[in-house]
Every structure is written in C-alpha cells, then in structure tokens.
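Have a look at the structure below before the remarks.
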Amino acid sequence: MLNAGTADAAYAGLIAHPHPLFGGTMHNKVVYHAMKALNSFGFPVLRFNFRGVGGSQGDHDNGRGEVNDVQVALEWLSNEFGKPIIFTGFSFGAAVGLRAACPDSRVAGLISLGTPVAAEGRAYSYEFLRECSQPKLFVSGENDQFATFRALEELVRTLPDARLVLIPQADHFFTGHLDAMRGVLTAWIEDMLRSGRVAV
C-alpha cells in the first residue's frame, strides 16, 4: 500500500511489518503510526505484506525469503520515485529488513522499532549493523517483552551513528504510547534533515 507524498519530497519511506505467524500485517498499528510520521514530511511511504500474508503470494520463510521481499520493495520504491529511502521496520520487520536495507546504497537512514533481541524460539543477530554507515534510530518500550533495555543499549553502543530512545512504561507494541513513539520518529527525522546527517 502506497501513501502518496509530495512532488518535492526529499525522501521515500519503506516500512516492514511484524512477524506474520503472530498476526503481523502492513495494517499493524505501529506500522501505521510510523507511516504517518514519515508521510507527514511529504515522503511517499510504501507498506507491504511479507510473502504469504494477506493477498501476497508464497509462504512464510522464517526470515530468509522475507529479506528478499524487502529488497524487492526497495527496488520498486527506488525505480518509482528515484529518491533516497528511509527504511523503518517493526519487530520481525526490523530484524529481517535491516539485513536488506543496511548494504543498500539507496537507503539513507534506518529506523528500528521494537527491535527483537531475544524472543522465544527465535535468535536474532545484528553484528552486520556495525558495517552500516547510515544514521540509525532504535525505539523501544521500557517494558518490551522481547528486548531488555540493557541488551539494546549494549547493541547500540557498538554501532556507528546510532541512537536509542526508550519510551517509558511502553510494551513491545507501544500500547497506549503510539503517539510518543510517533513523536520520537518525527523529531529524529527533523534532526536528520536539519543537520544534513541523513546519508544520500
């Protein structure tokens, strides 16, 4: 689903949704609020369903094929608008999407929401982010069920040009705190645009 932007938009946005096997779709509330934050700057923003979700073809591939889904979405967005891209992923969408977006020179900035550092039955690794030069924003709830603040802090400390923001009293889904999460995204994008630190 594409939310149209303005003709003079400096960037385009791509957002990846949470785990398909646990009800994640492009209509997730966190994904929707992230879209509204990016779209408020006039950016065209693409949300999509991973393979096997909604009307999308294919079957869930435990994160392997989903990396390719993000790569295809990046390619389409770049061809359609020819603008640098700000990638945003929520939970599973962050874990797999960052792998696709990090090495892509068309990606100007990375936003990771509810980054899953530890989840039952699933192991996530983010060492590859140490090679990412793009500005990075990590936003997490204080009571996130899938990542302690200490684990996230240790991860972000090892990464270049990365910022971690904790939303007090929020859970993994930012329940009751979606406006606060959206405000953090808006402030970060404003800061990046004002300072010119968003990579192009």
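The values are calculated or read from the model by the stated rules, or taken from the named source; none is laboratory data. It should be emphasised that the depicted structure is a prediction, and the values quoted were computed from it without experimental measurement. So basically every Cβ, Gly included, is an ideal-geometry build from the backbone, and we count neighbours across all protein chains shown.
Per-residue answers, yes or no, for (1) aromatic (Phe, Trp, Tyr); (2) over 25 Å from residue 50 (Cβ atoms):
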site: 87; (1), (2): yes, no
site: 107; (1), (2): no, no
site: 126; (1), (2): yes, no
site: 129; (1), (2): no, no
site: 145; (1), (2): no, no
site: 156; (1), (2): no, yes
site: 183; (1), (2): no, yes
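Checking each residue of region 110-127 against the condition of being in contact (Cβ under 8 Å) with a residue 12 or more places away in the chain, under 23 Å from residue 39 (Cα atoms), in contact with a Gly (Cβ under 8 Å, 6 or more places away or on another chain) and not hydrophobic (A, V, I, L, M, F, W, C) gives at least one match. Would you confirm whether or not region 66-75 contains a residue that is surrounded by 19 or more Cβ atoms within 10 Å (Cβ to Cβ), of a type outside the set (Val, Ile, Thr), touching a residue at least 12 places away in the same chain (Cβ under 8 Å) and over 26 Å from residue 196 (Cα atoms)? Scanning region 66-75 turns up at least one residue that is surrounded by 19 or more Cβ atoms within 10 Å (Cβ to Cβ), of a type outside the set (Val, Ile, Thr), touching a residue at least 12 places away in the same chain (Cβ under 8 Å) and over 26 Å from residue 196 (Cα atoms).
Across region 1-48, the qualifying residues are those that are of a type in the set (Gly, Ala, Ser) and not in a loop (DSSP other than H, G, I, E, B), and the one among them that is nearest to residue 174 (Cα to Cα) is 34.
Go through region 74-112 and count every residue that is assigned to a strand (DSSP E or B) and touching a Leu at 6+ places or on another chain (Cβ under 8 Å). Total satisfying the criteria: 11.
Figure legend. Inter-residue proximity from region 180-200: first residues modelled with pLDDT under 95, second residues loosely packed, with under 14 Cβ neighbours inside 10 Å and part of a helix (DSSP H, G or I), beta-carbon distance below 7 Å, spacing 6+ or different chains. No pairs are indicated.
Can residue 195 be described as over 16 Å from the mean Cα position of the chain (by Cα), closer than 30 Å to residue 105 by Cβ and of a type in the set (Ser, Thr, Tyr)? Yes.
For region 29-39, check the following and say yes or no: at least one residue is basic (Lys, Arg), in contact (Cβ under 8 Å) with a residue 24 or more places away in the chain and buried (at least 22 other Cβ atoms within 10 Å of the Cβ).
no
Here residue 135 meets the list (1) modelled with pLDDT of 90 or more; (2) more than 18 Å from residue 41 (Cβ to Cβ); (3) touching an Asp or Glu at 6+ places or on another chain (Cβ under 8 Å) almost entirely, failing just condition (2).
If the condition is being farther than 24 Å from residue 107 by Cα and either among the small types (Gly, Ala, Ser) or assigned to a helix (DSSP H, G or I) (or both), then region 149-192 contributes 149, 150, 151, 154, 170, 176, 178, 179, 180. For region 17-28, the candidate set comprises residues that are surrounded by fewer than 19 Cβ atoms within 10 Å (Cβ to Cβ) and not aliphatic (A, V, I, L, M); within that set, the residue that is modelled with the highest pLDDT is 27. Among residues of region 155-173 that are farther than 18 Å from residue 95 by Cα, those with a Cβ under 7 angstrom from a residue that is among the hydrophobic types (A, V, I, L, M, F, W, C) and part of a loop (DSSP other than H, G, I, E, B), sequence gap 6+ or separate chain, pair up as 167/174. The set of residues in region 131-190 being β-branched (Val, Ile, Thr) and either exposed (fewer than 13 other Cβ atoms within 10 Å of the Cβ) or closer than 24 Å to residue 85 by Cβ (or both) consists of 139, 156, 158, 165, 184, 186, 189.
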